[in-house]
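Have a look at the structure below, then the notes.
The values are calculated or read from the model by the stated rules, or taken from the named source; none is laboratory data. Just so we're clear, the structure is a prediction, and the values are computed from it rather than from any experiment. In this analysis, Cβ positions are derived from the backbone assuming ideal geometry, glycine residues included, and neighbour counts consider all displayed protein chains. All accessible areas refer to the heavy atoms of the entire protein, side chains included, with ligands and DNA or RNA removed. Shrake-Rupley method; radii C 1.70, N 1.55, O 1.52, S 1.80 Å.
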There are 2 protein chains.
Amino acid sequence: MPVVDKGWIRIDGQTITATGSGPAPAIDGAETIDCGGDIVMPGMVNPHCHMAMTLFRGLGEDVDDRLYRYVLPLERKFVTREMVRAGTALAAIELIQAGVTTVADMYYFETEVGRVVDQAGMRGVVGQTIADFDPPDHTDIDGGFALTEELAAEFAGHDRVTASIAPHAPYSTDIAVMNRVSRWADDHPDVPVQIHLAEMDSEMEWCAKHHGLRPVELVEKAGLLRPGLICAHCLHVNASDIEKMAHARVCVAHNARSNAKAGRGIAPVEAMRTAGIPVGVATDGPMSGNTLDLFSQFGPVSMFQKLAGHSRKPMPAVEVIRMATIEGARVLGMDARIGSLEPGKQADLVRIDLSAPRLQPIYDTYATLVFAAMPADVCDVMVAGRWLMRDREVLTLERRKVLRDALQVAAHFKAEMTRIDAAG
Amino acid sequence: MPVVDKGWIRIDGQTITATGSGPAPAIDGAETIDCGGDIVMPGMVNPHCHMAMTLFRGLGEDVDDRLYRYVLPLERKFVTREMVRAGTALAAIELIQAGVTTVADMYYFETEVGRVVDQAGMRGVVGQTIADFDPPDHTDIDGGFALTEELAAEFAGHDRVTASIAPHAPYSTDIAVMNRVSRWADDHPDVPVQIHLAEMDSEMEWCAKHHGLRPVELVEKAGLLRPGLICAHCLHVNASDIEKMAHARVCVAHNARSNAKAGRGIAPVEAMRTAGIPVGVATDGPMSGNTLDLFSQFGPVSMFQKLAGHSRKPMPAVEVIRMATIEGARVLGMDARIGSLEPGKQADLVRIDLSAPRLQPIYDTYATLVFAAMPADVCDVMVAGRWLMRDREVLTLERRKVLRDALQVAAHFKAEMTRIDAAG
């Protein structure tokens, strides 16, 4: 990943057709944009998110039993197609404003997520959750598959939105459902599979108690440890798990902040990458990590590996940016189309304004991006040759309407929380 | 630390004279500012910084021997009064733009730091470094004391700038110098003492090898473990050290990001606070932590204690904000004057604009501040009743001139690094 000084990029339609350095060749009739000394980088990839959960951001932050006290009751009562649209739109604005152009999502009524991502002009891998805990949008597993079929039909052949199937986790699907997902995926080779994996102590205990296995072993036994499987978290993976994962050619979405905020631990990112497993920088949902930008993750991603290794050496800045771009694209199986600024790739790019005093001086572009830059420094964002944001203004969604809709849902949440608290 | 909904604050001159909630009382001839639904909070306190080192931000980030290869030679060659002014001014802009109104600094030619802090309108505890490694501004310990005397004389009785004496660390001063500092401090009760303490493995080894003691024990033996001593880092402190520190009534500046980026470890903040030691949220110099705002530290400060405790419970958001305000003020011995919005306190306050979609919705003000807010959300900053920033525009320093001066020094650094690299 070389840093090109005074570089130029030629874009025709959706595609990057040439790059170079030095004076840009003049082209008749072409629009030329001078980016001054700003950084132009590939659009970032966030490979694990629950976009609609922006509506739960910071809710019950320090309440110990917030999941059972607030979140599940609120989800049961308020998760509708409208709510998913409202929360996803709020997330899309946040993502675009932070230079994230591609996102993998996993939630309910996922067709709505796909529609909002499409309207926002972003790229998305939108995963319909399937789970056995009576989630808001399906009462049985058949219902989950039916929603997935609808999703896959709606976005078949779509340029930017890829339908995905998302068995929730080993403990909430068990072997039979994971196996059924695997067979379904055999018949739908264009639909990636996402799963939460090896995230929690309680998951380790459940897998041990019910099957005498570790989560990775259970997924393997179910026949789901397959090429391209997008595994979120992978905190509790040992050397044997990592070997299995590498051999099966699965991919990992690393959620540093979410894992740490819950006090769960540090994923062995260095070991997984050394084994050849692609690892992307993800945020998890905003209820867990609060923000959806990758800049907030960069410090933790690097620092946690340095802490774990008791050395300054692990995870240098350039590797963090690699994970946030081309490696994240590989996690989603999209590295042939996006993730770098090369001829033939889609024109997904981000311009970083370097005028903030806190970014200066700059000795090392990667260090600036990883340890000093913030979402507010992203000024322009393009996906497939189309501007999604110019000069911090998102062009594809109506910011004020999106905020209004989101705050209306939040008001319902607050009223219900008051009711719950009053009931004791 | 209650959150007051629809609160008001009355300021007369430099001082907060009344606060309340509900409709603000009308006062003839007074200017009234409607902050809409924004957060107004106490100005933040950064109790450990090397401001002038902004000029080294990100320099040699992933170069293993950067300290000996680049930093020390560059400091020896380029640290002058002018360089200190340039770097400190760049830092002051960054701090003000991030809502930090009080900073404790520790560097060379510290009189210049005090002057820039004064000009910026901030509050500062400016510490003249004293060390035996032939630092850029003194060739022997007497020279270090002479600079400190000048500093103390220049800022005696100053409203906002407090002179401080800063023996560098146990290994770079040893017992004799620390003891001399302690006696000097007895004669200068208004001059706080700062020291780097229990930061590094090599420091532990040095203290063990030369004295058979731990760093805290060595400082105690030198007579320097005294009330109000501002100890930066304190990573390597055990239960016995913590007991000594609490008994001696010292204070701690916690540098979460700096300690983690170097792979050094996680300071036992919970244990120190439980023992009654005030702990503030600090950044260290921008060569170590890259940014000087406290928002970049909030996530790490909270997450590291949660990781260390393997639980979501430690260090809730409200405690992080307490550390960043009133407890940070206590670390600097200034809690009677600043750190909270109460009648009689100095009017040091910060307004946080909540219009960014990534901040919404808000269920918990402290969670918003700790896990979602960023420097770009700070819109207005006041110190002692005077605006230092309005609508993101710093009013006390010339932004463009400051940047120009800083980049000029950085150009010299780059040329010298090229020379060093060419020499092999």
Taking the Cα centre of the range A:44-343 as the origin and placing charges on Cβ (Lys, Arg +1; Asp, Glu -1), which of A:Gln119, A:Ala308, A:Cys234 is farthest toward the positive end of the dipole? A:Ala308
Using the Karplus equation 6.51 cos²θ - 1.76 cosθ + 1.60 (θ = phi - 60°), what ³J(HN,Hα) coupling, rounded to whole Hz, does each residue of the range B:170-178 give in order, writing x for Gly and Pro? x, 6, 10, 10, 6, 4, 4, 5, 4
Candidates A:Asp380, A:Asp391, A:Asp335; GNM for chain A (alpha-carbon contacts under 10 Å) flags as most fluctuating A:Asp391
Residues of the range B:323-345 with amide N under 18 Å of a point placed 7 Å along Cα→Cβ from B:Ala18: B:341-345
Proximal aspartates and glutamates relative to A:Lys209, as straight alpha-carbon distance under 16 Å, when same-chain residues fewer than 8 apart are discounted: A:Asp174, A:Asp201, A:Glu217
Determine the sum of side-chain charges near B:Glu150: Lys and Arg each +1, Asp and Glu each -1, restricted to other residues whose C-beta is under 14 angstrom from that of B:Glu150. -4
How much of the DSSP beta bridge set in the range A:1-134 is antiparallel, as a percent to the nearest 5? 40 percent
Run the dipole for the range A:278-424 about the Cα centre, Lys and Arg Cβ at +1, Asp and Glu Cβ at -1, nothing else charged, and hand back the magnitude in debye, nearest 20. 80 debye
Identify which of A:Leu294, A:Leu332, A:Leu72 has the largest mean-square fluctuation in a Gaussian network model of chain A, with springs joining Cα atoms closer than 10 Å. A:Leu72
Which distance in Å, rounded to a whole number, links the C-alpha centroids of the range A:209-244 and the range B:299-356? 41 Å
Show me, for the range A:355-368, the HN-Hα J-couplings you get by feeding each phi into the Karplus relation (A = 6.51, B = -1.76, C = 1.60, θ = phi - 60°), rounded to Hz, glycine and proline as x. 7, 5, x, 5, 8, 9, x, 10, 9, 8, 4, 5, 5, 4
With Cα springs under 10 Å, the Gaussian network model of chain B assigns the largest mean-square fluctuation among B:Asp62, B:Asp293, B:Asp405 to B:Asp62
Where a ≥ b ≥ c are root eigenvalues of the Cα gyration tensor, a/c under 1.5 meaning rounded, otherwise prolate if a/b exceeds b/c and oblate otherwise, the range A:44-343 counts as rounded
Given H placed on each backbone N at 1.01 Å, which residues far from B:Ile39 in sequence or on other chains put an amide H within less than 5 Å of it? B:Ile352, B:Leu354
Choose one of A:Gly385, A:Thr396, A:Ala406: the residue whose Cα lies farthest towards the positive end of the charge dipole of the range A:364-412 (beta-carbon charges +1 Lys, Arg; -1 Asp, Glu; about the Cα centre). A:Ala406
Residues whose placed amide H lies under 5 Å from that of B:Gly280, excluding near-sequence neighbours: B:Val252, B:Ala253, B:His254
Charge dipole (the range A:44-343, unit charges on Cβ, about Cα centre) - positive-most of A:Pro192, A:His247, A:Ala271: A:Ala271
Please list, by residue number, every one of the GluC sites (Glu not before Pro) in the range A:23-89 that is coil in DSSP and has at most 14 other beta-carbon atoms within 10 Å. A:Glu31
Under 11 Å, Cβ to Cβ, from A:Asp134 - net charge with Lys/Arg +1 and Asp/Glu -1: -3
Computed ³J(HN,Hα) along the range A:404-420: with the Karplus parameters 6.51/-1.76/1.60, θ = phi - 60°, integer Hz and x for glycine or proline, the list is 4, 4, 5, 5, 5, 5, 4, 5, 4, 4, 4, 4, 5, 5, 4, 4, 4
Rounded, prolate or oblate: which fits the protein assembly as shown, taking a ≥ b ≥ c as square roots of the Cα gyration tensor eigenvalues, rounded meaning a/c under 1.5, else prolate when a/b beats b/c? prolate
Just for the protein assembly as shown, what percent of DSSP beta bridges are antiparallel, to the closest 5? 40 percent
What number, in percent, do you get for the relative contact order of chain A if the mean sequence gap of Cα pairs under 8 Å and at least 6 apart is divided by its residue count? 22 percent
With +1 on the Cβ of every Lys and Arg and -1 on the Cβ of every Asp and Glu, the dipole magnitude of the protein assembly as shown about its Cα centre, in debye rounded to the nearest 20, is 140 debye
Computed on protein heavy atoms with a 1.4 Å probe, what is the summed buried accessible area for the chain pair B and A, in Å² to the nearest 100? 5300 Å²
Shielded by partner chains, the range B:46-91 residues - at least 50 Å² of accessible area, 1.4 Å probe, vs chain alone: B:Arg57, B:Glu61, B:Asp62, B:Asp64
Could you calculate the FRET efficiency of A:Arg249 with B:Arg400 from 1/(1 + (r/R0)^6), where r is the beta carbon distance between them and R0 is 60 Å, rounded to 0.05? 0.70
Could you work out, residue by residue across A:316-327, how many beta carbons of other chains sit within 10 Å of that residue's beta carbon, and then give the average as an integer? 1
In whole percent, and with a 1.4 Å probe on the protein chains, what portion of the accessible area of the protein assembly as shown is carbon and sulfur? 50 percent
For B:Ile362, distant residues with modelled amide H under 5 Å away: none
Give me the dipole magnitude in Debye, nearest 20, for chain A about the Cα centre, with unit charges on the beta carbon: positive for Lys and Arg, negative for Asp and Glu. 700 debye
Lysines whose Cα lies under 29 Å from that of B:Lys6, excluding same-chain neighbours fewer than 8 positions away: A:Lys401, A:Lys414, B:Lys345
Expressed as a whole number, the average count of other chain Cβ atoms within 10 Å around the Cβ atoms of A:299-312 is 6
Contour excess over end-to-end distance, with Cα ends at A:His210 and A:Ser311 and 0.36 nm allotted per residue: 32.5 nm
Taking a probe of 1.4 Å, how large is the accessible area per residue of the range A:244-372, in Å²? 25 Å²
Extend 7 Å from the Cα of A:Arg392 along its Cα-to-C-beta direction; within the range B:391-424, residues with backbone N under 16 Å of that point are B:391-394
Does the range A:1-149 come out rounded, prolate or oblate by the C-alpha gyration tensor, with a ≥ b ≥ c the root eigenvalues, rounded set by a/c under 1.5 and, if not, prolate when a/b is larger than b/c and oblate if not? prolate
Straight-line reach from B:Lys306: which lysines fall under 18 Å, measuring Cα to Cα and dropping same-chain residues less than 8 apart? A:Lys261, A:Lys306, B:Lys261
